[in-house]
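A short write-up of the structure that comes next.
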Amino acid sequence: MISEQTKLLWRDSFLCTLLTFIVSGILLFVFLNISVLDPFYKAFKDFRFTDIYYSKIYTNNSVEKDIIIVNIKQSDRFTIAQAIEKVQQQNPKAIGIDAIFKEQKNTFTDSILKAVLNKYDNIITAYYFEGDSLITNHNYFKTNNENQGFINVNFNNEDKVIRDFLGIKKTENKLSFATQVALKAGKLSKKDVETLSEGIPINYFGNLDAFLTFDIDELLDLETIPSITNAIVLFGYLGTPTGNAFDIEDKHFTPLNETFVGKSTPDMFGVLIHANIIKMLTTNNFISKVPKTIVYLLAFICTFFIVMLAIKLYKKSELLYDIIIKLIQLIISITLLYLALLLLRQNIYIYITPILVLTIFSLEMIDFYVYLLDFLKKRFKWQSYLLN
């Protein structure tokens, strides 16, 4: 038989949890809609606690040898055509060209590049969405095959951290560059592509040191390149030979950035992001994303039980509660963050922020809830566990 006090405790816990959600929702609405707070919103909107995993915890000492990257630098089209031909002689599974030839330049060199692009059917070319427009190769370089993919890694046109990957744009029925490369290499089935229409977290393998790379001039000087046989080869920009850290052409922020708060310069070139995505697709090494409905349900459950424990402690001693509340919040923060990082290590991504914020905020709401109870008791003779 459940006692009356226990029933009141459960009711108070539920109502305080509900109050926490309502007040936090109002505060969030105010935070998002008052222009004076925009600088604070922009500073924190693209931060995720799970970035700490990739930035500070994740280590990878291996090198991916099945995906090879050729740095095209600022090479002319004749050099690029020669490099493609050299790579094809090594019998790769597929070649992806992360570059767009928007216009014709030199008739002779353009004709050589066009001939090479049309000569092989395992070459994937690139285009990208710019608003409602498509930016593609000049019609002169269009190939007879349909091996094209969009290279957009960020559809919001903002300097944001690239965490998610979209494999197919359903509205236009367009496949991404990485998806096309994985398909052409025979490492991804068309059935699997259907699952890529929703944004999925990128399971990053590593940055420049994690992939086998060649400078385009170095590549052309070699007689044979056995490592390319049966590999996927990507042509793209990896910076200048001087390795200037501030060369940010086609460079983006990723969770691997060592400075995960207040990032100064982007940390990964676009072709490397594609390489990481292709690695994920070809090895079927995906990160499962916990749905937001589950996240908020967990947030409610966690908040409810934290509030219940807090109410018990508050009733025993208000002074003790006020003294140790900060310690409790610290323990909750560390525990939840540790669990989120532990899950990410098992390839499970959970957006921990709502759970973390609501549980911590709920402890601050106890005092306000007591004031509300006093008001209700005076007006309606309200019964409460805290007031008995």
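Close Cβ contacts (under 6 Å, 6 or more residues apart or on different chains) running from residues in region 238-260 that are open to solvent by 70 Å² or more (accessible area, probe 1.4 Å) to residues that are modelled with pLDDT of 70 or more and not in a loop (DSSP other than H, G, I, E, B) comprise Glu258/Ser55. Among the residues making up region 366-388, those that are outside any helix (DSSP H, G or I), open to solvent by 40 Å² or more (accessible area, probe 1.4 Å) and either over 30 Å from Ser3 (Cβ atoms) or touching a residue at least 24 places away in the same chain (Cβ under 8 Å) (or both) are Gln383, Asn388.
Just for region 61-80: of the residues that are open to solvent by less than 50 Å² (accessible area, probe 1.4 Å) and assigned to a loop (DSSP other than H, G, I, E, B), which one is farthest from Lys187 (Cα to Cα)? For region 61-80, the residue satisfying everything is Ser75. Out of Leu356, Leu363, Leu342, Leu336, one residue alone is open to solvent by 30 Å² or more (accessible area, probe 1.4 Å) and either modelled with pLDDT of 90 or more or assigned to a helix (DSSP H, G or I) (or both). It is Leu342.
If the condition is being under 17 Å from Ile168 (Cα atoms) and in contact with a helix residue (DSSP H, G or I) (Cβ under 8 Å, 6 or more places away or on another chain), then region 193-230 contributes Val193, Leu196, Ile202.
Every residue, every condition in (1) part of a loop (DSSP other than H, G, I, E, B); (2) farther than 22 Å from Thr240 by Cβ; (3) among the aliphatic types (A, V, I, L, M); (4) open to solvent by less than 20 Å² (accessible area, probe 1.4 Å), yes or no:
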{"position": "Phe49", "(1), (2), (3), (4)": "yes, yes, no, no"}
{"position": "Lys56", "(1), (2), (3), (4)": "no, yes, no, no"}
{"position": "Gln82", "(1), (2), (3), (4)": "no, no, no, no"}
{"position": "Val87", "(1), (2), (3), (4)": "no, no, yes, yes"}
{"position": "Gly96", "(1), (2), (3), (4)": "no, no, no, yes"}
{"position": "Gln104", "(1), (2), (3), (4)": "yes, yes, no, no"}
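Would you pick out the residues in region 194-237 that are within 30 Å of Ile350 (Cβ to Cβ) and buried (at least 16 other Cβ atoms within 10 Å of the Cβ)? Can you show your working first?
So in region 194-237, the residues within 30 Å of Ile350 (Cβ to Cβ) come out as 194-211.
Result: Leu196, Ile200, Pro201, Ile202, Asn203, Tyr204, Phe205, Gly206, Asn207, Leu208, Ala210, Phe211.
Considering the conditions (1) touching a helix residue (DSSP H, G or I) at 6+ places or on another chain (Cβ under 6 Å); (2) assigned to a helix (DSSP H, G or I); (3) within 29 Å of Ile287 (Cα to Cα); (4) open to solvent by 40 Å² or more (accessible area, probe 1.4 Å), Tyr351 is excluded by exactly one of them, (2). Asp110 meets all of the listed conditions (1) closer than 30 Å to Lys289 by Cα; (2) touching a Phe, Trp or Tyr at 6+ places or on another chain (Cβ under 9 Å); (3) acidic (Asp, Glu) but one, namely (1).
Do we have any residue at all in region 168-186 that's surrounded by 19 or more Cβ atoms within 10 Å (Cβ to Cβ) and in a loop (DSSP other than H, G, I, E, B)? Among the residues of region 168-186, at least one is surrounded by 19 or more Cβ atoms within 10 Å (Cβ to Cβ) and in a loop (DSSP other than H, G, I, E, B), which makes the answer yes. Is it the case that region 151-165 has a residue that's outside any helix (DSSP H, G or I), surrounded by fewer than 16 Cβ atoms within 10 Å (Cβ to Cβ), among the acidic types (Asp, Glu) and within 25 Å of the chain's Cα centre (by Cα)? Yes.
So in region 302-323, with the set limited to residues that are over 36 Å from the mean Cα position of the chain (by Cα) and free of Cβ contacts under 8 Å to residues at least 40 places away in the same chain, which one is most open to solvent (accessible area, probe 1.4 Å)? Ranking the candidates gives Lys316 first.
The values are calculated or read from the model by the stated rules, or taken from the named source; none is laboratory data. If you're wondering where the values come from, they're calculated on a predicted model, not measured in any experiment. In this analysis, Cβ positions are derived from the backbone assuming ideal geometry, glycine residues included, and neighbour counts consider all displayed protein chains. Areas reflect the complete protein model, heavy atoms only, side chains present, ligands, DNA and RNA absent. Shrake-Rupley method; radii C 1.70, N 1.55, O 1.52, S 1.80 Å.
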